[in-house]
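The values are calculated or read from the model by the stated rules, or taken from the named source; none is laboratory data. It should be emphasised that the depicted structure is a prediction, and the values quoted were computed from it without experimental measurement. Cβ atoms come from the backbone with ideal geometry, glycine included; neighbour counts cover every protein chain shown. With ligands, DNA and RNA removed, areas are computed over all heavy atoms of the protein, side chains included. Shrake-Rupley method; radii C 1.70, N 1.55, O 1.52, S 1.80 Å.
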Amino acid sequence: MEGYKIREPEIVDLLLPDLQEEVININLVQKQTDAGEQSRFKAIVAIGNKDGYIGLGSGKARQVRIAIEKAALDARLNITPVRRGCGSWECGCGRPHSLPFQVRGKCGSVEVVLIPGPRGLGLVASEIGKIILSLAGIKDCWTRSYGSTRTVPSFAYAIFDALRKTYVVVTPQDWVR
Ligand SMILES: [Zn+2]
């Protein structure tokens, strides 16, 4: 499926029947309009099959439930394959339990670096990081983050951006293998 842009959420569910959903964040967004103050909820939802596919999406609505539904749909439209591997020099088992190499992701002021780790390490990450990485099917890796990492949406999108780059970045290790 690599190289194809998937558009229809229903097709995503058909191709990846084991998708799991996690609500990453819910914010109350208030906006001043002519009619007064308008408040809506903004939800961020991550989806993944724990086996190499991850999606992240956001949705806004007056009701929390609908904001979550919209975000889950958006996440399906943003689903992307994640290249996994054993990029840890300490490990070298060759199984896809981690990342094949180090990747960086960015969103706003937040920057995240995902570093391959040896088998059995687990996910050395914040709670949000653990949720997204495990949905993608990554079992062992280190994370480093910079910037205002407490901004949950930016942090989540930075991790998603890094995971996406596993299929974009070609590193010297790829040439050797
Ligand atoms: Zn390994």
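Per-structure values
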item	result
Some residue of region 51-65 being in a helix (DSSP H, G or I), modelled with pLDDT of 95 or more and not acidic (Asp, Glu)	yes
From Ile115, Ile66, Ile138, Ile128, residue being under 30 Å from Lys31 (Cβ atoms) and under 17 Å from the mean Cα position of the chain (by Cα)	Ile128
Residue match in region 74-87 (condition: open to solvent by 50 Å² or more (accessible area, probe 1.4 Å), aliphatic (A, V, I, L, M) and either touching a strand residue (DSSP E or B) at 6+ places or on another chain (Cβ under 8 Å) or within 19 Å of Ile131 (Cα to Cα) (or both))	yes
Search result, residues across region 88-121 that are open to solvent by 20 Å² or more (accessible area, probe 1.4 Å) and under 19 Å from Ile159 (Cα atoms)	Pro96, Gln102, Arg104, Lys106, Cys107, Gly108, Ser109, Glu111, Ile115, Leu121
Count of residues meeting criterion [under 27 Å from Pro116 (Cα atoms) and buried (at least 17 other Cβ atoms within 10 Å of the Cβ)] in region 34-73	12
